[in-house]
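What follows draws every value from the coordinates through simple rules; no lab data is involved. Just so it is clear, the model here is predicted, and its values are computed rather than measured. So basically every Cβ, Gly included, is an ideal-geometry build from the backbone, and we count neighbours across all protein chains shown.
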Amino acid sequence: MHHGGEVAGLAMASTGPDRDGLELDVLKVALGPVLPGWPTGLVLRADLQGDVLTSAELAWLDADTRPAVEPDRAPQEAALDRLARFLDVAGWPTAARDARRARNGMAERANRDEAQRLAEAVTRRVNRSRTLAWTAGGIGGRGSGGDVLDRVRRWCDMASGQLVEDLPATSLKDVAALVEGAEIGSARLIVASLDLRPVQAASASEHVHA
Amino acid sequence: MTELSGWAFTAVAVLGVLSVAAGIAVFVVDSMARATFALLASFLAVAGVLLALDLVYLAVVTALMMTIEMAVMAVFMIMFMMNPAGLMPMTMVHNAKGSAVIGAATFVVLAVGIWTIDWPTRNPPRPDDSTRQLGEAIMGSHMLVMLVIGISLFATILAGTVLATARGRYDRFGPDLDADRPDDPVPGGFRR
Amino acid sequence: MPFAAQSLLFPSEGEESDMVALLSMAALIVAGIVGLYALSAALRTAREPAVVLPYESGLLPQQHAVSRYHARWYAVTVLFLAFDMEMIFMYPWAVVVADMGATAVVEMFGFLAVLLVGVTYVWREGALRWT
Amino acid sequence: MPEQTLAEAWGLAPAVLGVVAVGLILGLVVAAVDRAVVVGGTVGTVAAPLRDGARLLFEQRRTTLAPDRLLWRLGCAAVPTLALLSLAVVPVGGRTLWSTSADLVWFNAMEALLWAAVWLVGWGPNAVHALTGGYRFLAQGLAYELPLMFALITAGLAAGSLRTTDVVTAQEGLWFVVTMPVAFVVFVASAAAFAFWGPFTAPAGPDIAGGVTSELSGVDRLLVDLGRAVFLGAAAAMATALFLGGDAGPWLPGPVWFLLKTFAVVTALVWVGRRVPVLRPDRTVEIGWMVLVPMTLLQALVVAVLVLNGFYA
């Protein structure tokens, strides 16, 4: 498929078909393992046509060398963490900052009440934001789990201290199916709205390091 | 010509040379991006000529339109041309001999025309506000031009869309156009 | 004044002297930018730029990014270019409305209404969305 | 001559230096207010952008594999140049540096040239995130260019002139923002979109690792960041001139009022803009065409009818 070979040590992109009938270049790119607001160690190898992912394949980098057991954290703190990461990707720096402050406050345990207040304030803001609902809604819909927005609102409930059950973990194959055909920004939001952890992959491959 | 001050005359000459040079650059460079923006440089030099001739509105609107148009042209050049960045050596010209003949012939015709036509001289004094004069012309004596252009722009929008898009309303709303929400690969700003 | 020589060369007459001001401003900005580059070159200790591969989130890129980029909104550009043409008329129109009266307003908005019908058609065809 | 330009009033060199200085100060104000809202205001808020700028001067530069160096550098230099040149038609102290019969179109053209400049910044480094950002900027341009134009035209329409000083004079009785609130809001928002800042930051979005700015280093990054801030400041100043009566105000001298109003516009813009997430271009294009364009046209129609009734005369 190469029409030309390498230039400056790097291959040129080759053409491929697309859903809108144009046969233009397909660019092979990797998202992750190191990307702001991205689950560390996750690699998404994608074919990009313009800014749309025409195919996606996900894997964990070095999944078997990680400690299988994550440090146990309060679900509220974990939810605030995830929320902050999602808000980073959604480009909402002030809300992400507040979520992080609330998380830090809770981790310190000195000023719990204030941290709780801050957490409630930021989750209320995110929950009620019509702009966020408009810009992040309607993508990444997945069965009973709802779409990106539903998952984020669930995290908001968890982060404000309500007892909400965690959604079952998503397999990387499902994630790939969700992001295929999505615009790159939507794909980032979808990945950021799922709680992806290498733990499952590690335990699945049965490499447990003490 | 005599109306031009020495300053404006120099500016027109320099910018004219610049615009021709940038025009030539379009065919010399390898990369589609460079070719497009060489053309933009040429247009901006023409805008500069208009500015030197004290036609501010026309100058600025030329720069405005041409910049946007060249940005759009860059999109299409890079979409459809092989090797758009010119990373692999290539030539920008095809049928060099034929086009050279056509180009030279056109140049001769235009140059002869320019020097032989008895151009009208400007009798009334320079207007203070060339923009206002243009507005009066468009809204007054040249109204028909605007109406014709309006209709042709409308036709352009329709024809362009029909030709450019692979999917249409029947793909989106179903054969009877009765679907509640359109079926699109990527959702848009409206929730329906 | 350092610019005295210039004002001798170009006698101050209306818009021409303005043009000198504009050109001086452009020259000053260009000089400032060149100055910044020079200042940075003089100040930084690592003179040679670090030659790195483009950032691809931690992995090595496999292909040159500048390929035939599939712009998903190319249909919007057609609409935009056609609509944009009308701005050439609308700026001068704005200046003369008070003098020309109601007919000018009716004509311009009739013209715009025709174009808006075109926009609605394009919207219904789904051409305002990513393909 | 009834109208005097800054150069005629102050002399050429002070006028040019003054306008450029005002532009840089406006950029600094924008950067400082933005930082105060995003990070939280401290004593060092004003100094922080300066410190960051100085750090970029010392930074080792980076270059990528097979970049288009010429176009990349040109794009980076063009961003602040255009931002500062757009100030040539913004009245500072009641006068503009350059006064023509098409001032508003000049401002519009400087912003339109950003289409080319920002796309080049994205194209130059031959990197996927930067490239995506460059194309996103064009997509945003398609959505916001026409609303911005209509907003500018609406102000010119009421004043019957495209000269900024005339527009300011026409507001002696009533600020334009009263009769054209839609145009005012759309103007400020679209200008923010062309500075790809705040909710319009998608071309440099965190979801594409900084987009057009992702491969910039040293002076290049300094120039682009500076250009964005200055353009935002220039747009706020222009909004003040076009819709908020320019330097009109009681007791205080005109230029002080002008700066106060500009500061208020900047603060309001940053305050509102930083309270919402990024608006994604694949959604805003439809809103731009189906909501903003008809709304700004309706606004223009209302103003046109008012003009016919001699409301602004």
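Restricting the chymotrypsin sites (Phe, Trp or Tyr not before Pro) of segment D:234-313 to loop positions (DSSP other than H, G, I, E, B) with no more than 12 neighbouring Cβ atoms within 10 Å leaves D:Trp251. Between C:Ala42 and A:Val34, the distance separating the two model label sites (each 7 Å from Cα on the Cα→Cβ line) works out to 3.5 nm.
If R₀ is 35 angstrom, what is the calculated FRET efficiency for the pair A:Ala74 and C:Leu60, using the beta carbon separation as r and rounding to 0.05? Efficiency for this residue pair is about 0.35. Placing unit charges on each Cβ (+1 for Lys and Arg, -1 for Asp and Glu) gives the protein assembly as shown a dipole about its Cα centre, and among A:Ala182, D:Gly254, C:Met108 the Cα reaching farthest toward its positive end belongs to A:Ala182. Dipole size of the protein assembly as shown about its Cα centre, with +1 on Lys/Arg Cβ and -1 on Asp/Glu Cβ: approximately 1560 debye, rounded to the nearest 20.
Relative to the Cα centre, what is the charge dipole magnitude of chain B, using +1 at the beta carbon of each Lys and Arg, -1 at the beta carbon of each Asp and Glu, and rounding to the nearest 20 debye?
Numbers: 11 positive and 14 negative charges, 57 e Å.
It works out to roughly 280 debye.
Counting Cβ atoms of other protein chains within 10 Å of each Cβ in A:122-135 and taking the mean gives 3.
Label-to-label distance for C:Ala102 and B:Thr116 is 5.3 nm, based on points extended 7 Å past Cα in the beta-carbon direction.
In order along segment C:35-46, the Karplus-derived 3J(HN,Hα) couplings, from 6.51 cos²θ - 1.76 cosθ + 1.60 at θ = phi - 60°, round to x, 4, 4, 5, 4, 5, 4, 6, 7, 6, 7, 7 Hz, and Gly and Pro are given as x. Take every DSSP beta bridge whose two residues both sit in the protein assembly as shown; close to 85 percent of them are antiparallel.
Once backbone amide H atoms are built at 1.01 Å from N, D:Ser217 has D:Arg62 as its partners under 5 Å, excluding neighbours fewer than 5 places away on the same chain.
The mean count of C-beta atoms from other chains within 10 Å of the C-beta of residues in A:49-59, rounded to a whole number, is 4.
Mind listing which trypsin sites (Lys or Arg not before Pro) in segment B:33-142 are in a DSSP loop and have 11 or fewer other Cβ atoms within 10 Å? Listed in order of number, the matching sites are B:Arg122. Per-residue ellipticity at 222 nm computed for chain A from its helices equals -13000 deg cm²/dmol, with DSSP H segments shorter than 4 residues left out and the rest contributing -39,500 (n - 2.57). Positive end of the dipole of segment A:107-187 (Cβ unit charges, origin at the Cα centre): among A:Gly146, A:Pro168, A:Trp134, the Cα lying farthest that way belongs to A:Trp134. Shape call for chain B from the C-alpha gyration tensor, a ≥ b ≥ c root eigenvalues: rounded (a/c under 1.5), prolate (a/b greater than b/c) or oblate? Verdict is oblate for chain B. The amide H of D:Asp247, built 1.01 Å from its N in the peptide plane, has no neighbour under 5 Å, considering only residues 5 or more places off or on other chains.
Inside 10 Å of the C-beta atoms of B:73-86, what's the mean count of C-beta atoms belonging to other chains?
So the per-residue partner count for this stretch is 6.
Is the C-alpha gyration tensor of segment C:74-124 telling us rounded, prolate or oblate? Criteria: a/c under 1.5 is rounded; beyond that, a/b larger than b/c is prolate, otherwise oblate. Oblate. Over 38 Å, how big is the tail of the calculated P(r) for the protein assembly as shown, in percent of all Cα pairs? I get 44 percent for the Cα pairs in the protein assembly as shown exceeding 38 Å. Rounded to the nearest whole Hz, the Karplus-based 3J(HN,Hα) values (6.51 cos²θ - 1.76 cosθ + 1.60, θ = phi - 60°) of segment B:17-27 follow the sequence 4, 4, 5, 5, 4, 5, x, 5, 4, 3, 8, with x at glycine and proline.
If R0 equals 25 Å, the separation of the Cβ atoms of D:Leu260 and D:Val46 corresponds to a calculated FRET efficiency of about 0.90. Highest mean first, the peptides D:301-307, A:120-126, B:163-169 sorted by other C-beta atoms within 10 Å per residue fall in the order A:120-126, D:301-307, B:163-169. Calculated mean residue ellipticity at 222 nm for chain D: -22000 deg cm²/dmol, from DSSP H runs with n ≥ 4 weighted as -39500 (n - 2.57), summed, divided by the residue count and rounded to 500. Only the Cβ atoms of Lys and Arg (+1) and of Asp and Glu (-1) were treated as charged; on that basis the dipole of segment D:6-308 about its Cα centre amounts to roughly 560 debye.
Compute the convex hull volume of the Cα atoms of segment B:1-85, divide it by the residue count, and report the result per residue in Å³ as a whole number.
Dividing the Cα hull volume of segment B:1-85 by its residue count gives 71 Å³.
Would you compute the Debye intensity of segment B:95-192 from its alpha-carbon atoms alone, equal scatterers and no solvent, and pass along log10 I(q)/I(0) at q = 0.20 Å⁻¹ to two decimals? The calculated log intensity ratios at q = 0.20 Å⁻¹ are -1.07.
Model label points for D:Ile25 and A:Arg124, set 7 angstrom from Cα along the Cα-to-Cβ axis, are 4.1 nm apart. Applying 1/(1 + (r/R0)^6) with r as the Cβ-Cβ distance of B:Ser5 and A:Ser55 and R0 = 60 angstrom yields a FRET efficiency of 0.40. Backbone amide hydrogens, once placed in the peptide plane, bring A:Ala11 within less than 5 Å of C:His64, excluding anything fewer than 5 places away on its chain.
When each of the peptides D:77-84, B:67-74, D:122-129, B:23-30 is scored by the mean number of other C-beta atoms lying within 10 Å of its residues, the order from highest to lowest reads D:122-129, D:77-84, B:67-74, B:23-30. Applied to segment D:94-101, the Karplus parametrisation 6.51 cos²θ - 1.76 cosθ + 1.60 on θ = phi - 60° returns per-residue 3J(HN,Hα) values of x, 10, 9, 5, 10, 10, 10, 7 Hz, with x for Gly and Pro. Between the alpha-carbon centres of segment B:58-115 and segment D:169-212 there is a gap of 34 Å.
Normalising the average separation of contacting C-alpha pairs (under 8 angstrom, six or more residues apart) by the number of residues puts the relative contact order of chain A at 23 percent.
Classify chain D from the C-alpha gyration tensor, please: rounded if a/c falls under 1.5, else prolate or oblate depending on whether a/b exceeds b/c. Taking the square roots of the gyration eigenvalues as a ≥ b ≥ c, chain D is prolate.
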